[in-house]
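For reference, the structure is listed below as structure tokens.
The values are calculated or read from the model by the stated rules, or taken from the named source; none is laboratory data. Predicted model only: the values in this text are computed from it and were never measured. Glycine also receives a Cβ, built like all others from the backbone with ideal geometry; neighbour counts cover every protein chain displayed.
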Amino acid sequence: MSIKNLRIICLFAILLLFGCSESGHYVSDKDFIEISREYSPNKEKVILVYNYDTGAFGYSRAFTAILDANNLENNLLPNNLPDKYYNAKWLDNNTVETEINIISDLREGLSIDYKKVQIENVTVIPKLVDTTEDGRLKIEDRIESPDGKLELIAYRYAFNNERALLQISIIGKGTELPRIGNYFIGTDSSDYVFNAEWKTDNEIQFETNSQYGNDAKYYFVKNRPPIKYTLNIDDNKYKSKYVWKKEAGIFPVKQN
């Protein structure tokens, strides 16, 4: 197969996966799926949330459009909210508030600078959301470096005993714990790493399994402390694991 043909196939797969086409997005599209719609108080505008059935690929990501209620048959793409703007709701007839989860930006070291936008003469106001903000701090583990100068602390912010995303910070022993993990931040679906061991004063080995091991590297904080890490896949110990949980109890820690 030529490189040109391979590129065409890859492009087609990407377009299919994200529900895109060269002609735009239309409610009349064969694979269009309406998830929800919410009208403005005066019923003149509508927030439409939708995605596409992509067959063997499952479903595309969800899109949110702000539209004139009388023109739903038009191309939706120009009226879509920017990426990361989710959970839109009407504040009044001309204003919509959306949420932006900033955890991934903190992990990736991105600048958190989201602006108001105008769509269909509606002002869209971004509300920054830190999903850990109101949780109760729970320390899952703390592991001292061989020289006793550093600590790895694994922790999360629990809500009504529900599991929350894992965070890991490397700090000087006895210093304050950052509120957001400075070394690793997991997701709500998995912790990706389930244990750790200092191999030297400057290197940590994290334990994972074959289900999550290939993806774990994406959740280390970009601007993390200069401590090397390796990932060890051990299905004998961690095959059925998806959370880091120790039974040693709650460890006292100072937090800034």
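Kindly list the number of the only condition in (1) under 19 Å from residue 104 (Cβ atoms); (2) assigned to a helix (DSSP H, G or I) that fails for residue 237.
Answer for residue 237: the failing condition is (1).
Pick from the stretch 105-120 the residues that are touching a residue at least 40 places away in the same chain (Cβ under 8 Å) and closer than 19 Å to residue 88 by Cβ: which of them is surrounded by the fewest Cβ atoms within 10 Å (Cβ to Cβ)?
120
Do we find a residue being in contact with a strand residue (DSSP E or B) (Cβ under 6 Å, 6 or more places away or on another chain), assigned to a loop (DSSP other than H, G, I, E, B) and among the aliphatic types (A, V, I, L, M) anywhere in the stretch 102-109?
yes
Of 138, 127, 115, 89, which residue is outside any strand (DSSP E or B), among the basic types (Lys, Arg) and either under 25 Å from residue 65 (Cα atoms) or in contact with a strand residue (DSSP E or B) (Cβ under 7 Å, 6 or more places away or on another chain) (or both)?
Unique residue meeting the criteria: 115.
Quick test of your reading of the structure: residue 173 fulfils all but one of (1) surrounded by fewer than 17 Cβ atoms within 10 Å (Cβ to Cβ); (2) more than 22 Å from the chain's Cα centre (by Cα); (3) at pLDDT 95 or above. Name the failing condition by number.
(3)
Any chance the stretch 182-195 includes a residue that's of a type in the set (Asp, Glu), closer than 22 Å to residue 241 by Cβ, surrounded by fewer than 20 Cβ atoms within 10 Å (Cβ to Cβ) and at pLDDT below 95?
yes
All but one of (1) surrounded by fewer than 17 Cβ atoms within 10 Å (Cβ to Cβ); (2) under 29 Å from residue 229 (Cβ atoms); (3) modelled with pLDDT of 95 or more hold for residue 150, so report the exception by its number.
The failed condition is (1).
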